[in-house]
Amino acid sequence: LARLGGLKRMIARSSVMRFKGTDVPLSQIAGELKVDRLITGAVLRSGNRVRVTAQLIDPATEAQQWAQNYERDLRDVLSLQSEIVSAITREVRVQLTPQEEIRLAKARQVDPEAYDAYLQGQFQWYKLSRQGLDAALEYFQLALEKDPEYAPAHAGIAKVWQGYMQQGFLPPEEATPKVKAAALKALALDNTLADVYFTLAAISAWADWDWLG
């Protein structure tokens, strides 16, 4: 949703999570976040099946504006994500550009084991410790063993090498070529990944001192 031009404001997960487990009224949450709608939901996984419940709520009235249950094979989780995004944009009357419609329609299948390994890699990466980064690299590489064309896993590897450099575990001259190689591979497979552009920008600034780049 954050990548759609028709939405003025999408709040990051880190900002929203402070309300988890609280009894703060929805209208107050929306007021503090300065948004007009709230999305809630739940995910239940059983084996290779996943069930997603998504709701769009008008915080002013606390009325449910839209709700839907989805059940899919885990392999289709990315297309399911696109389907939910498309439904929400219709409800809030956001006009998609032709390019956005194409991007949402072309979500590829992903090997469930590759997706699992990628999520484990993300979890480990956020620790930003040497042990966490080592584990993240192993998980991202495992994801690529299952699905060599899975762009987010290549992006994850780029982030790992960036993390090694950022935390002082590797010198820039050793880490930078590895970051760029993995990031460019990810972009070749999917040029819409924001993570990759952030990583390349960070490398341009920290390693190359190329502020304009």
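The values are calculated or read from the model by the stated rules, or taken from the named source; none is laboratory data. All values derive from a computational prediction rather than experimental measurement. As a convention, Cβ positions derive from the backbone with ideal geometry for all residues, glycine included, and neighbour counts pool all protein chains shown. With ligands, DNA and RNA removed, areas are computed over all heavy atoms of the protein, side chains included. Shrake-Rupley method; radii C 1.70, N 1.55, O 1.52, S 1.80 Å.
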Fill in: Selection count where residues are in contact (Cβ under 8 Å) with a residue 60 or more places away in the chain and either open to solvent by less than 40 Å² (accessible area, probe 1.4 Å) or of a type in the set (S, T, N, Q) (or both), scope region 98-116
2
Discussion item. All but one of (1) outside any strand (DSSP E or B); (2) under 21 Å from PRO152 (Cβ atoms); (3) in contact with a strand residue (DSSP E or B) (Cβ under 8 Å, 6 or more places away or on another chain) hold for ILE29; state the number of the condition that does not hold.
Written reply: (2)
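Answer yes or no as to whether GLY163 is under 19 Å from ARG130 (Cβ atoms), touching a Leu at 6+ places or on another chain (Cβ under 8 Å), open to solvent by less than 40 Å² (accessible area, probe 1.4 Å) and part of a helix (DSSP H, G or I).
Working: under 19 Å from ARG130 (Cβ atoms): yes; touching a Leu at 6+ places or on another chain (Cβ under 8 Å): yes; open to solvent by less than 40 Å² (accessible area, probe 1.4 Å): yes; part of a helix (DSSP H, G or I): yes.
When the stated conditions are applied, GLY163 passes them.
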Worksheet item: Taking TYR139, is it over 28 Å from ASP58 (Cα atoms), among the hydroxyl-bearing types (Ser, Thr, Tyr) and open to solvent by 50 Å² or more (accessible area, probe 1.4 Å)?
Response: yes
Response to the item:
When LEU119 is run through (1) open to solvent by less than 30 Å² (accessible area, probe 1.4 Å); (2) in a helix (DSSP H, G or I), the failure sits at (1)
Worksheet item: Applying the selection to region 117-136, what residues are without any contact (Cβ under 8 Å) to a residue 24 or more places away in the chain and of a type outside the set (S, T, N, Q)?
Response: LEU119, PHE123, TYR126, LYS127, GLY132, ASP134, ALA135
